[in-house]
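Participant: The following block contains the structure, expressed as structure tokens.
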Amino acid sequence: MRTIKTMAYAAVLAATGCAGSMVAERHSLYPTQADTDYARVYIMRPQAQRTRGVADSPVNIEVAREKLAELAQGEYILVYIKSPATDLVTRNLTNLTTKPMPIEVWRARHFNFETGQDYFIVLRQDYEEFRGIYYIPEAVDKTQALQLAEHLKAAGPLATQRPLAALQ
């Protein structure tokens, strides 16, 4: 029975691991059409140097305790956020040596977004050996973001309309 569950779980993970990024259509921090006070936030997830199993699946991103997006490897998204200060939380599945099945883990960072500014956040993969793999959101400058963007694909409607390469 355990083997059947493991095989079924592996099939689900394989199917979701190939999925691309998805951005929530609605969020409490999205500006309305009348709002002009918002920051442009690019969130990037570089391609892993080597496969990490279940941790290669899309990473869930939350802002203000609401799901913002799922970000696949090798892609970036753009979102408009009207809140000046907020926590960005990443959630992903990982394997721990003490558990037979993957578990969900998370990391969070606090960001202060100013109106009219562009922000670049990279989800850095942190491999903690026996404690699993985590994705830590870190701010980078425009130069680093443009270098990373050379190897990333725009995902979602906003990133496709306003790609990082256009900021040069």
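Participant: Please work out if Val63 is farther than 23 Å from Arg162 by Cα and open to solvent by less than 80 Å² (accessible area, probe 1.4 Å).
Facilitator: Considered against the rule, which asks whether it is farther than 23 Å from Arg162 by Cα and open to solvent by less than 80 Å² (accessible area, probe 1.4 Å), Val63 comes out as no.
Participant: To continue, here is another question. Residues to consider are Arg109, Arg131; find the one that is loosely packed, with under 15 Cβ neighbours inside 10 Å, at pLDDT 95 or above and in contact with a Leu (Cβ under 8 Å, 6 or more places away or on another chain). Give the steps one after another, and end with the answer.
Facilitator: Values: Arg131 fails: at pLDDT 95 or above.
Matching residue, one of Arg109, Arg131: Arg109.
Participant: Select from the range 125-168 the residues that are in contact with a helix residue (DSSP H, G or I) (Cβ under 8 Å, 6 or more places away or on another chain) and polar (S, T, N, Q) and write down the one among them that is farthest from Ile43 (Cα to Cα).
Facilitator: The residue in question is Gln168.
Participant: Next question, about the same structure. Only residues that are open to solvent by 10 Å² or more (accessible area, probe 1.4 Å) and within 24 Å of Gln147 (Cα to Cα): list them for the range 35-58, please.
Facilitator: Arg40, Pro46, Gln47, Ala48, Gln49, Arg50, Thr51, Arg52, Asp56, Ser57, Pro58
Participant: Hey, another quick one. Check the range 44-59 and report whether any residue there is closer than 22 Å to Leu158 by Cβ, in contact with a Lys or Arg (Cβ under 7 Å, 6 or more places away or on another chain) and either at pLDDT 90 or above or of a type in the set (A, V, I, L, M) (or both).
Facilitator: Looking through the range 44-59, at least one residue is closer than 22 Å to Leu158 by Cβ, in contact with a Lys or Arg (Cβ under 7 Å, 6 or more places away or on another chain) and either at pLDDT 90 or above or of a type in the set (A, V, I, L, M) (or both).
Participant: Restricting to the range 109-136, count the residues that are out of contact with any Phe, Trp or Tyr (no Cβ under 8 Å at 6 or more places or on another chain) and closer than 18 Å to Asp56 by Cα.
Facilitator: 8
Participant: Condition first: within 19 Å of His110 (Cβ to Cβ), touching a helix residue (DSSP H, G or I) at 6+ places or on another chain (Cβ under 7 Å) and among the hydroxyl-bearing types (Ser, Thr, Tyr). Can you find one or more residues in the range 49-71 that meet it?
Facilitator: Checking the range 49-71: not a single residue is within 19 Å of His110 (Cβ to Cβ), touching a helix residue (DSSP H, G or I) at 6+ places or on another chain (Cβ under 7 Å) and among the hydroxyl-bearing types (Ser, Thr, Tyr).
Participant: Within the range 143-152, is there a residue that is surrounded by fewer than 18 Cβ atoms within 10 Å (Cβ to Cβ), without any contact (Cβ under 8 Å) to a residue 60 or more places away in the chain and assigned to a strand (DSSP E or B)?
Facilitator: no
Participant: Can I ask one more? Mind checking which residues of the range 29-47 are within 13 Å of the chain's Cα centre (by Cα) and in a loop (DSSP other than H, G, I, E, B)?
Facilitator: Pro46, Gln47
Participant: Now for a different question. Give the residues of the range 88-106 that are among the β-branched types (Val, Ile, Thr) and open to solvent by 70 Å² or more (accessible area, probe 1.4 Å), sorted by residue number. Don't jump to the end; show me each part of the working.
Facilitator: Here is the first cut: in the range 88-106, the ones among the β-branched types (Val, Ile, Thr) are 89-90, 94, 97-98, 103, 105.
Within the range 88-106, Thr97, Thr98 meet the criteria.
Participant: On to the next question. Going by the conditions given, is Thr115 of a type in the set (Ser, Thr, Tyr) and under 18 Å from the mean Cα position of the chain (by Cα)? Give the derivation first.
Facilitator: Values: of a type in the set (Ser, Thr, Tyr): yes; under 18 Å from the mean Cα position of the chain (by Cα): no.
Judged against the criteria, Thr115 is not a match.
Participant: May I ask you to list the residues in the range 101-121 that are in a strand (DSSP E or B) and over 25 Å from Asp37 (Cβ atoms)? I'd like the intermediate steps shown before the answer.
Facilitator: Start the filter on the range 101-121 by keeping residues that are in a strand (DSSP E or B), which leaves 103-112, 118-121.
Answer for the range 101-121, where residues must be in a strand (DSSP E or B) and over 25 Å from Asp37 (Cβ atoms): Ile103, Glu104, Val105, Trp106, Arg107.
The values are calculated or read from the model by the stated rules, or taken from the named source; none is laboratory data. Keep in mind it's a predicted model, so treat the numbers as computed, not measured. Glycine gets a Cβ as well: all are built from the backbone with ideal geometry, and neighbour counts include every protein chain shown. Areas reflect the complete protein model, heavy atoms only, side chains present, ligands, DNA and RNA absent. Shrake-Rupley method; radii C 1.70, N 1.55, O 1.52, S 1.80 Å.
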